[in-house]
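Q: Pasting in a structure now, in structure tokens, and then I'll have a few things to ask.
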Amino acid sequence: MTVNLKIFLGVFVLSLPLWWTVNVAGNHLENFFLWSELASNPQIFAAQAALEAKVQEVLPIKRQGAALLELGASSALSLFVNEGTQETKSLFEKDTDKKLAIASLTKLMGALVVARHYPLEDEIVISRAAVLEEENFGQLREGDRFTHFDLLHPMLMESSNDASAAFALKIGMANFLTLMNQEAEFLGLENTFFVNHAGLDPDVPEESVNYSTARDLFLLTRALKTFYPSVFEILGLKEYPLYTTNGKFHHTMVNTNELLSTNGWPTKVLGGKTGWTPEAGGALVLVLESPKGKGYLVNVILGSGNRFKDMQNLVNWVFNSYSF
């Protein structure tokens, strides 16, 4: 190392504290002038707040170069809901107003009817007629006694037709259906109609079937989450022990929704509901927290040959294609 180089390095090292001091002083001076300007011009604060508000209005925003999404499902929808303002923004749409059979997504409306019209702590007895209902997923037995709230668990988690039938039979099938369709009208579900309590395909192909649209199912899901959060929380349970009203353990329920577990997504799955019949194909509603806690995302798949795969592709695409 040459003498000149040694002198240069020595001077450089010795000068570092001086430069750091000058830099800090410069920053303080710059901040002083900034705050002086803000104090004399408070409208700057207002302009900054207005700008931030405008930014929040347009978020989430689609990223440039976002890939196109092709889904095999007949209809699909992803919507962002700002929980503070209840404003919504559509993130993806495919035939969202197309009327389609919805299978056991029907039970979302059944749950709303129960939440609105049945005292949730009252008791209900499972009748023989309910047990004879097609497809006994809920393992219910004649004579079992539950609270209304507890019976909502097998209806929503296991998609139990017996539980749904028990609720409907308590006030009469026709009355229950009337309430379902009245609630649909009240919520503005213009393309939704129910002919049975559970979403089963008709015995005769020419007969009517429960139908709705992806957009109407979003409105129904939002109503449950907003006005009946304790009921909506059932849709997010992976497992739950069911007890009768006398405290006897009945069985552990396992949710039919396999997407409640982690999928590598950046936010939590809040809940959802599955549905499938030969006529309807696969149907699925899935609700997730939005990034940064600003609200939530409602995703709907109808008429799918692989509902879980289509839903995974939809949610992956949303997170990859939007900035929140």
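Any read-out appearing in this document is the output of simple, stated calculations on the displayed coordinates, not a laboratory observation. The structure displayed is predicted, hence computed values, not measured ones. Because the Cβ atoms are built from the backbone with ideal geometry, glycine has one as well, and the counts that use them run over all protein chains shown.
Q: Where a Cα-Cα gap under 19 Å defines reach, which lysines qualify for LYS273, not counting those fewer than 8 residues away within the same chain?
A: LYS99, LYS107, LYS225, LYS238, LYS309
Q: I'd like the Karplus ³J(HN,Hα) series for segment 298-315: coefficients 6.51, -1.76, 1.60, θ = phi - 60°, whole numbers in Hz, and an x wherever there's a Gly or Pro.
A: Here the 3J(HN,Hα) series is 9, 10, 10, 10, 10, x, 10, x, 8, 4, 5, 5, 4, 5, 4, 5, 5, 5 Hz.
Q: Follow-up. Farthest toward the dipole's positive end in segment 70-323, which of SER75, PRO241, LEU270, given Cβ charges of +1 (Lys, Arg) and -1 (Asp, Glu) about the Cα centre?
A: LEU270
Q: Name the long-range amide H neighbours of HIS250: under 5 Å, sequence gap of 5 or more, or other chain; modelled H, no Pro or chain starts.
A: For HIS250, the qualifying residues are LEU242, TYR243, THR244.
Q: If you find the alpha carbon centre of segment 80-130 and of segment 285-322, how far apart are they in angstrom?
A: 17
Q: Over segment 70-323, what is the mean sequence separation of C-alpha contacts under 8 Å (at least six apart), divided by residue count, expressed as relative contact order in percent?
A: Relative contact order comes out at 26 percent.
Q: Let me ask something else. Testing the spin-label approximation: label points 7 Å from Cα along Cα→Cβ at GLU93 and LEU68. State their distance in nm.
A: Taking the two extended label points, one gets 1.8 nm.
Q: Provide the FRET efficiency to the nearest 0.05 for the GLN139-GLU207 pair, computing r from the beta carbons and using R0 = 22 Å.
A: 0.15
Q: Given points 7 Å out from each Cα along the Cα-Cβ axis, report the GLU190 to ASN175 separation in nanometres with one decimal.
A: Distance between the two pseudo-spin positions: 3.3 nm.
Q: Could you line up ARG145, ARG128 from fewest to most neighbouring Cβ atoms inside 10 Å?
A: ARG128, ARG145
Q: What is the fewest-to-most order of MET180, MET109 by other Cβ atoms lying within 10 Å of their Cβ?
A: Ranking MET180, MET109 by Cβ neighbours within 10 Å, fewest first, gives MET180, MET109.
Q: Once you charge only the Cβ atoms, +1 for Lys and Arg and -1 for Asp and Glu, what is the size of the charge dipole of segment 70-323 about its Cα centre, to the nearest 20 debye?
A: For segment 70-323, the charge dipole is close to 780 debye.
Q: Let me ask you something else. Going Cα to Cα from LYS98, which aspartates and glutamates come in below 14 Å? Please leave out same-chain ones fewer than 8 positions away.
A: GLU190, ASP216
Q: How many angstrom lie between the Cα centre of segment 149-182 and the Cα centre of segment 192-264?
A: Segment 149-182 and segment 192-264 have Cα centres spaced 10 Å from each other.
Q: Give me SER159, SER323, SER164 sorted ascending by neighbouring Cβ count inside 10 Å, so fewest comes first.
A: SER323, SER159, SER164
Q: Let me ask something else about it. Trypsin sites (Lys or Arg not before Pro) within segment 254-324: which are DSSP loop residues with at most 15 other Cβ atoms inside 10 Å?
A: For trypsin sites (Lys or Arg not before Pro) across segment 254-324 that sit outside H, G, I, E and B with at most 15 neighbouring Cβ atoms in 10 Å, the list reads LYS268.
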